[in-house]
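So the structure is just underneath, and the comments pick up after that.
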Amino acid sequence: MIRCFLDNQEVASPQGLDYLQFKKVRHRTFWGFTYRQLGFVDGLNSLDFAEPRTVDYLRAVYARHGVLGQTRFRIESDSEGTLYDGWINYSQSQRNPGRFAVALRDDQATAQLESQSVLQYALAVRETIALAGRPLDGPANLTLDALRAVVSTSLAQPRALAHSLPVMPVSDKEQPVAGRLVTGSDPLARTPCYINETPGPLTVSLRGSFSVNPQASAGGLVTYRLRVGGVTQPLAQLSLADLAGSGSVKTVAIDRTLTVPPGESLYLEAVTDAELSRYVFTYSAVRLALERVEASPPSVALGLSVRAALIDLIGQLTDHRLRVQVEGLDDLFLTNGACLRGVPRPLLVSLRSLFEGLNGLFNLQLDCQGGTVFIRPKAHLWTKGQRSAVNRVTGFIERPNLELIPSEIRLGFQQGAAANLISGLEVHTARVYGGEVTTERNPLDITSALIGSSSRIEQQRRKQFEASGGGSTRNDADDEALFVICTAGLDPAGHYRPAGLTGIDHLAGLIDAPTTYNLRITPRRCLERWRWLLTGSGRLRLVSSELRAEVSSRYATEAALLSENQAVIDQARTIPDAWLVKAAQTMAEFHSLRDWVGLADGRVGLLMEATWRYSDSGPTTDLLLWDVPPPPGVAPLTHSLL
């Protein structure tokens, strides 16, 4: 016998109960069930209550609370127990004389989680992170001007001689340091290697070495020096007499810092103290780096750990009716542009946008179970996902699952570095990879709207030190933009500490690596967290990248180096399918369906959708299951494990 209850009071069964359908839907973004208890009558979209006592009760609730009314609805079976336990959806009600028609929904907190997920909330900032200064330009690499590697002259009358070193930028298209690098050398005309064309003085360092084989018509000393205006810094002195005829090559090391006033030039030159009529200097192995030396003060920025931000956000969104459990997102700090420049302002964020930003970096799932919202990596589904079985299959169709076979994958960060001299060396930008399946265009965009760029964080942070950069009355274009920073515990003052090189045992290709942020969430590492799920794409090739450098890194826990611009990533191509299953099920069996569904033939699929209804052949469930590859190191599920 079937009985119905409103708020634990038994009522007459509504009309349409025989046509009632139930639906479960796995959210394609959250990858969890935000809807589990949807109930409706196809075509009518409602159950129709006609018993006067029940109609009066529903009308009274609606009169007091409107669409916010809370009325629990249960269906009980003497033989099977609870068949359905959900809530009246007053927002889809219809009121006629003597009748009250309704649809059914999940509890209010669960329904709010989905319906309000796109609404922005203001999260009060109460935690802090300590940030040090880092360069916004990089070392300019100088090399030998091969066409002028031999500097020679011959004079009728001996005199003291001088020349500049034949150096040039490695690339005339790259100018990573403020000012101008001189691209054409003329040693005998004493060409400078650098000119300060900025409005203020710049302190620069020159580091590296060069080799020289000097031959001259007489002895004496040759002095290598740096010169700015009338100020010189000696580097080394070589004895021409000792080197005469020996053919030996001498190496000169350079490590100097000096200030170049605006409009002035920096010279790297050789000067003799003896009068010479002839000399030949042959240069080789020039490896020099010219870099601006900056003194940017440290600062402390307000924000929230990502865990605290998610807990606060879901608490506001659901009126604190749901608990929140966050896994796999430790050591992450969230702040905004205003807080970075020293102006405390709340973080404005929606659950949907924050989850999507983190999901692109970590491949996450958000699921709601028994009054708790779980946010954790999708890989946890294989170890913590709930399991169920369907044994009376009456129909089965297989088809390719194009959602797991993207033709191209766009990942990384939507917003890369701001315009600066090293923006082309910024790791935290976007990448596009192409797959083997090219007969269908099926792009997947999992780029993150969070900002992880080291230079972008530093550029925003420095604004507080500018004459017009601070103050709560001034707005900045990036004030509401969200920035993410990987952390490594707290410093003695209780501030979060940026992770830097914590755990890294190899790193190459970065500017000022010790102050680089977010090595745990470089685009290549984001791809590694997603790659196991997207093996349907097969071999991946790098189609485009905003990074203009070869950057590689490895954490001590990783087996191999990861190259940020690796041209080809080999992986075995799988063929993921979607299964359309029709099964005979009671209402109670339908409501017991969980994450994984095992079939009698041994297959196990991830439940994406399920709809239960009465049909001519009896109670029937239509299921959409995905054949999903397991994460690395996890054995595929089998029916025997359910």
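The values are calculated or read from the model by the stated rules, or taken from the named source; none is laboratory data. Everything numeric here is computed off the predicted structure, so don't read it as measured data. Note that we place each Cβ from the backbone using ideal geometry, even for glycine, and neighbour counts take in every protein chain shown. Remember, those area values only see protein heavy atoms, side chains included, never the ligands or the DNA or RNA. Shrake-Rupley method; radii C 1.70, N 1.55, O 1.52, S 1.80 Å.
Residues of segment 60-79 being surrounded by fewer than 13 Cβ atoms within 10 Å (Cβ to Cβ) and basic (Lys, Arg), which ones? I'd like the intermediate steps shown before the answer.
Taking segment 60-79 as the starting set, the residues that turn out to be surrounded by fewer than 13 Cβ atoms within 10 Å (Cβ to Cβ) are 60, 63-68, 70, 78-79.
Correct list: 64 only.
Based on this model, can you work out whether residue 556 counts as surrounded by fewer than 17 Cβ atoms within 10 Å (Cβ to Cβ), touching an Asp or Glu at 6+ places or on another chain (Cβ under 7 Å), among the aliphatic types (A, V, I, L, M) and more than 30 Å from residue 47 (Cα to Cα)? First the steps, then the outcome.
Details: surrounded by fewer than 17 Cβ atoms within 10 Å (Cβ to Cβ): yes; touching an Asp or Glu at 6+ places or on another chain (Cβ under 7 Å): yes; among the aliphatic types (A, V, I, L, M): yes; more than 30 Å from residue 47 (Cα to Cα): yes.
Yes, satisfied.
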Out of (1) among the hydrophobic types (A, V, I, L, M, F, W, C); (2) open to solvent by less than 30 Å² (accessible area, probe 1.4 Å); (3) over 48 Å from the mean Cα position of the chain (by Cα); (4) at pLDDT below 90, the odd one out for residue 178 is which?
(3)
Single unsatisfied condition, residue 198 versus (1) open to solvent by less than 50 Å² (accessible area, probe 1.4 Å); (2) under 20 Å from residue 287 (Cβ atoms); (3) within 39 Å of the chain's Cα centre (by Cα):
(2)
In segment 369-384, what residues are open to solvent by less than 10 Å² (accessible area, probe 1.4 Å) and under 27 Å from residue 108 (Cβ atoms)?
373, 375, 381
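Can you tell me which residue in segment 292-316 is farthest from residue 375 (Cα to Cα), limited to those that are assigned to a helix (DSSP H, G or I) and open to solvent by 10 Å² or more (accessible area, probe 1.4 Å)? Write out each step before concluding.
Here is the first cut: in segment 292-316, the ones assigned to a helix (DSSP H, G or I) are 306-316.
Of the ones still in play, those that are also open to solvent by 10 Å² or more (accessible area, probe 1.4 Å) are 307-308, 311-312, 316.
Working: 307: 10, 308: 12, 311: 10, 312: 14, 316: 16 Å.
Among those that are assigned to a helix (DSSP H, G or I) and open to solvent by 10 Å² or more (accessible area, probe 1.4 Å), it is 316.
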Can you pull out the residues in segment 243-271 that are outside any strand (DSSP E or B) and within 20 Å of residue 284 (Cα to Cα)?
243, 244, 245, 246, 247, 248, 249
Please name all residue pairs, on different chains or six or more residues apart, with Cβ atoms under 8 Å, provided the first residue is in segment 473-491 and is assigned by the TED database to the domain that holds residue 332 and the second residue is charged (D, E, K, R) and part of a strand (DSSP E or B).
487/497; 488/497; 489/497; 490/497; 491/497
Candidate set from segment 528-553 (those that are open to solvent by 60 Å² or more (accessible area, probe 1.4 Å) and more than 18 Å from residue 416 (Cα to Cα)); member that is farthest from the chain's Cα centre (by Cα)
539
Where a residue in segment 357-374 is acidic (Asp, Glu) and its partner, wherever it lies, is open to solvent by 10 Å² or more (accessible area, probe 1.4 Å), with Cβ under 6 Å and at least six apart
367/374
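Only one of these is aliphatic (A, V, I, L, M), modelled with pLDDT under 90 and out of contact with any strand residue (DSSP E or B) (no Cβ under 7 Å at 6 or more places or on another chain): 156, 189. Name it. So that I can check it myself, show each step before the final result.
On the way: 189 fails: modelled with pLDDT under 90.
Criteria check complete, one pass: 156.
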Say we look at segment 80-102 and pick out the residues that are without any contact (Cβ under 8 Å) to a residue 60 or more places away in the chain and open to solvent by 60 Å² or more (accessible area, probe 1.4 Å); which of these is farthest from residue 619 (Cα to Cα)?
97
Taking residue 430 as the residue in question, decide whether it is more than 30 Å from residue 599 (Cα to Cα) and either in contact (Cβ under 8 Å) with a residue 60 or more places away in the chain or exposed (fewer than 15 other Cβ atoms within 10 Å of the Cβ) (or both).
yes
Identify all residues within segment 262-283 that are open to solvent by 50 Å² or more (accessible area, probe 1.4 Å) and within 26 Å of residue 195 (Cα to Cα); write none if there are none.
262, 263, 264, 282
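Quick one: which residue in 330, 319 is open to solvent by 10 Å² or more (accessible area, probe 1.4 Å) and without any contact (Cβ under 8 Å) to a residue 24 or more places away in the chain?
Details: 319 fails: without any contact (Cβ under 8 Å) to a residue 24 or more places away in the chain.
Testing whether each residue is open to solvent by 10 Å² or more (accessible area, probe 1.4 Å) and without any contact (Cβ under 8 Å) to a residue 24 or more places away in the chain leaves just 330.
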